[in-house]
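Read the figures in this text as sums done on the coordinates, not as results from a lab. Predicted, not measured: the structure shown is a model, and the values here were computed from it. Heads up, the Cβs are rebuilt from the backbone with ideal geometry, glycines too, and the neighbour counts pull from every protein chain shown.
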Amino acid sequence: MGYLDEEAVFSHTKYLERVDSGKNENVTSPQIATDYWQLPQDARLSDVIIGGRADEAKHRDANHVLPIS
């Protein structure tokens, strides 16, 4: 699972690069994402991507230290 989460972190980073470069529009965050990651009311897509990437990084780190049985 840690490797799958690592790929998710990478994918979020690539998506964020597309938004930051203007290839994808940095639209307003959906309310559900704003609420879930406790973002400011003026949050944008880039903020959502950053929040999702942080979640995946936590999962990655936790799954890489779990013992395999």
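Below is a table of values for the structure above.
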item	result
In the chain, the GluC sites (Glu not before Pro) that fall in loop regions by DSSP, at most 12 other Cβ within 10 Å	E25
Helix axis angle, 45-65 relative to the chain longest principal axis, alpha carbon, degrees	0
Unit charges on C-beta of K, R, D, E only; dipole of the stretch 1-54, Debye	140
Globularity ratio of the chain, using Cα Rg and 2.2 N^0.38 Å	1.25
Under 5 Å, built H, 5+ apart or other chain: amide partners of R44	S29
Length gained when the stretch A33-D20 is fully extended (0.36 nm per residue, less Cα-Cα span)	2.8 nm
With Cα atoms, 0 to 90° folded angle of helix 2-21 axis to the chain main axis	20
Formal net charge of residues neighbouring R44 (Cβ-Cβ distance under 12 Å; K, R +1; D, E -1)	-4
